[in-house]
Amino acid sequence: MGRVPKIIAANWKMNLAPNEAEKLASEILKSHSDNSCNNQVILLPPNVYLTSIRGIISNSAIKLGGQDCHFEDKGAFTGDTSPAMLKNIGCEYAIVGHSERREHHKESDELINKKAKAAISNNLTPIICVGEKLQEREAGKHKEIVSAQLKTILSSIDADKVIIAYEPVWAIGTGKTAKAEEIAEIHDFIKPLIKTAPLLYGGSVNDKNYKEILDINNVDGLLIGGASLIIEKFTQIMCY
Ligand code: PEP
């Protein structure tokens with residue numbers, strides 16, 4: 001029996017010029033098909049590139065998502081993007097609660113709950129990020145923090161309709177990956193709290209550590225930032 005397909009989500013964050021984004025999407029599409037990749041790949045480009053990337057990957061198994069969404073469908077929310085808009089231009093997913101949004105935009109678990117609900121009502125699958133900060137990990141409070149985040153964010157939400165990404169804040173973009181035992185411990189802890197929702201790991205995943213992480217029990221996939229921008233690294237990971 002072949003390996004169970006994993007979810008490999010590429011968070012491009014606020015990176016790439018238009019031609020670079022199109023080139024990367026085309027290269028990902030080509031290596032996905034050349035290598036007959038089995039995993040579910042989701043590209044999460046900056047919003048301004050969603051339409052052009054959709055054009056490149058349409059008619060393929062690669063899916064598209066936004067990096068965030070508002071909780072309202074429309075209105076006076078300058079600079080925001082609604083889940084209805086994401087859906088209308090071909091997205092199937094939206095990240096909500098990324099630690100960079102929590103930090104720079106002061107997003108709370110209550111707000112993330114509203115965004116996740118709005119995404120679901122618009123037939124998008126929210127990729128909900130949770131994870132503790134370094135001081136919380138050092139104080140041994142990581143389980144407590146993550147379970148409190150999940151309790152609030154998943155309130156009145158059908159867990160069958162979401163993806164959860166465990167991303168320790170201290171491991172995101174820092175080059176510091178959580179140890180395999182740490183990932184195994186927290187994924188085993190989270191899994192019973194989220195019923196059938198797939199559980200991704202994110203935080204400095206790269207071409208050196210992805211195999212070990214993907215082979216951990218209860219790791220259903222990866223949310224990848226930096227390494228998703230480099231075609232050689234991303235190809236290895238998405239085609240594992
Ligand atoms: C992320 O953006 O969610 C992420 C995990 O980034 P990186 O892989 O660069 O740590």
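Summary table
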| read-out | value |
| --- | --- |
| Output for segment 191-210, where each listed residue is within 16 Å of the ligand (Cβ to nearest atom) and not polar (S, T, N, Q) | PRO198, LEU199, LEU200, TYR201, GLY202, GLY203, VAL205, ASP207, LYS208, TYR210 |
| Only one of ILE128, ILE163, ILE112 that is within 15 Å of the ligand (Cβ to nearest atom) and in contact (Cβ under 8 Å) with a residue 60 or more places away in the chain | ILE163 |
| Among residues of segment 219-233, those that are within 11 Å of the ligand (Cβ to nearest atom) and either closer than 24 Å to GLU185 by Cβ or at pLDDT below 95 (or both), counted | 5 |
| Lone qualifier among LYS211, LYS195 - being part of a helix (DSSP H, G or I) and basic (Lys, Arg) | LYS211 |
| Scan of segment 80-103 for residues that are under 18 Å from the mean Cα position of the chain (by Cα) and assigned to a helix (DSSP H, G or I), ordered by number | PRO83, LEU86, LYS87, SER99, GLU100, ARG101, ARG102, GLU103 |
| Failed item in (1) more than 16 Å from LYS233 (Cα to Cα); (2) in contact with a Phe, Trp or Tyr (Cβ under 8 Å, 6 or more places away or on another chain); (3) of a type outside the set (D, E, K, R), with ALA9 passing the rest | (1) |
| Tally, over segment 44-92, of residues that are under 23 Å from GLY226 (Cβ atoms) and touching a Phe, Trp or Tyr at 6+ places or on another chain (Cβ under 7 Å) | 5 |
| Among (1) within 13 Å of the chain's Cα centre (by Cα); (2) aliphatic (A, V, I, L, M); (3) within 16 Å of the ligand (Cβ to nearest atom) - the single one LEU64 does not satisfy | (3) |
| Residue in segment 11-62 that is surrounded by the fewest Cβ atoms within 10 Å (Cβ to Cβ), counting only those that are of a type outside the set (Ser, Thr, Tyr) and at positive phi | ASN59 |
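The values are calculated or read from the model by the stated rules, or taken from the named source; none is laboratory data. Values in this document were obtained by computation on a predicted structure and should not be read as measured data. So basically every Cβ, Gly included, is an ideal-geometry build from the backbone, and we count neighbours across all protein chains shown.
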